[in-house]
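Trainee: One structure, as structure tokens, below. Some questions next.
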Amino acid sequence: MKRVIYYFSGTGNTLALAKQLSKKLNGCDLVAVNSIKEKTINPQADVIGLMFPVYAFNMPRIFQAFVKNKLQISDGAYVFAVSNFASMEFGALSKIKKLIRSKGHKLNMAAGIKMPSNYIPFGGAESEKSQTGKFLTAESDINNMAELIKKSQDYPYHFLGETLFRLISSLAGRSFNKRLKADAARFYADDKCNSCGLCAKVCPVGNIHLAAGKPVWGEECEQCLACLQWCPEEAIQMLGVNPARIRYHHPDIKASDLVEAKTNN
């Protein structure tokens, strides 16, 4: 049985969950959507997983574009989606359910997992105790999801007010995406920058290049914050954000994992 999980990850939460789920399923192909260069892709898989972080109650722009424009699904495939979020899942899973339905298929299983926040404009890293608690709960959630997937069991995603939540998700996501270009201009490197170039290497969409040894941001930012959170010198800052805020990336993921994932496909 062929299983493939498509994912997007900036600071490691989604990749860590995808690896955990793959292990419970005795192996899956893990494919970062930012590594896919083809215009369309049909994995010819029995099981297709879609895993992503929630940004502004929605899917990241790059992930939504992948599902909508690139992903083809074979008849009979079991399709599941797993989001991870810091506060609320809201309507992101409902959005992806609608996208899958528009392709003539159904989303067999969908669920959200609460994970530590990486969005430093809203605050620094959570305490180690808080992170550990969320990781343990996430592990239990992954175990339950794996059992459903192994049995090809449906777990319908539906709740009262789903249509309204999906509308709010769309509006919030649209507003967030409109700000991406302006928010990219908020990044800068301070005097601690040693020109290591890790920010450019880890950026999932290749939006950073070095000029005179310093990072320069383009206009294709996804606001994943990989550059800021993975900087070994904590030299990358955002205008309006306290530089003293504690950084976060998933402890089980290395920057090299994300760099490698960019060229894995």
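The values are calculated or read from the model by the stated rules, or taken from the named source; none is laboratory data. Nothing here was measured: the structure is a model prediction, and the numbers come from that model. Don't worry about glycine lacking a Cβ; one is built from the backbone with ideal geometry, like all the others, and counts go over all protein chains shown. Heads up: the accessible areas ignore ligands, DNA and RNA and are worked out on the full protein's heavy atoms, side chains in. Shrake-Rupley method; radii C 1.70, N 1.55, O 1.52, S 1.80 Å.
Trainee: Looking only at residues in segment 176-189 that are hydrophobic (A, V, I, L, M, F, W, C) and part of a helix (DSSP H, G or I), which one is most open to solvent (accessible area, probe 1.4 Å)?
Mentor: Kept after step one, since they are hydrophobic (A, V, I, L, M, F, W, C), are these residues of segment 176-189: 176, 180, 182, 184-185, 187, 189.
Within this subset, residues satisfying the condition of being part of a helix (DSSP H, G or I) are 176, 180, 182, 184.
Numbers: F176: 17, L180: 2, A182: 67, A184: 4 Å².
Within segment 176-189, the match that is most open to solvent (accessible area, probe 1.4 Å) is A182.
Trainee: Here's another thing I want to ask about it. Looking at segment 37-45, is at least one residue closer than 25 Å to D257 by Cβ, of a type outside the set (D, E, K, R) and buried (at least 24 other Cβ atoms within 10 Å of the Cβ)?
Mentor: no
Trainee: Can you name the number of the only condition in (1) exposed (fewer than 15 other Cβ atoms within 10 Å of the Cβ); (2) at pLDDT 95 or above; (3) assigned to a helix (DSSP H, G or I); (4) not hydroxyl-bearing (S, T, Y) that K192 fails?
Mentor: (3)
Trainee: Enumerate the pairs (first residue in segment 242-265 and hydroxyl-bearing (S, T, Y); second residue anywhere and in a helix (DSSP H, G or I)) with beta-carbon separation below 7 Å, excluding pairs fewer than 6 apart on the same chain, so at least 6 apart or on different chains.
Mentor: Hits for this filter: Y248/Q229; T263/S35.
Trainee: Quick test for you: out of P251, P243, P204, P232, pick the one residue that is open to solvent by 40 Å² or more (accessible area, probe 1.4 Å), part of a loop (DSSP other than H, G, I, E, B) and touching a strand residue (DSSP E or B) at 6+ places or on another chain (Cβ under 8 Å).
Mentor: Checking each option against the conditions leaves just P243.
Trainee: Right, another one. Given the options Q223, Q237, name the one that is assigned to a loop (DSSP other than H, G, I, E, B) and open to solvent by less than 80 Å² (accessible area, probe 1.4 Å).
Mentor: Values: Q237 fails: assigned to a loop (DSSP other than H, G, I, E, B).
After ruling out the rest, the residue left standing is Q223.
Residues are listed down the side, and each one gets a yes or a no for (1) at pLDDT 95 or above; (2) open to solvent by less than 40 Å² (accessible area, probe 1.4 Å):
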| site | (1), (2) |
| --- | --- |
| I113 | yes, yes |
| S127 | yes, no |
| Q131 | yes, yes |
| F135 | yes, no |
| S140 | yes, no |
| N143 | yes, no |
| E147 | yes, no |
| Y155 | no, no |
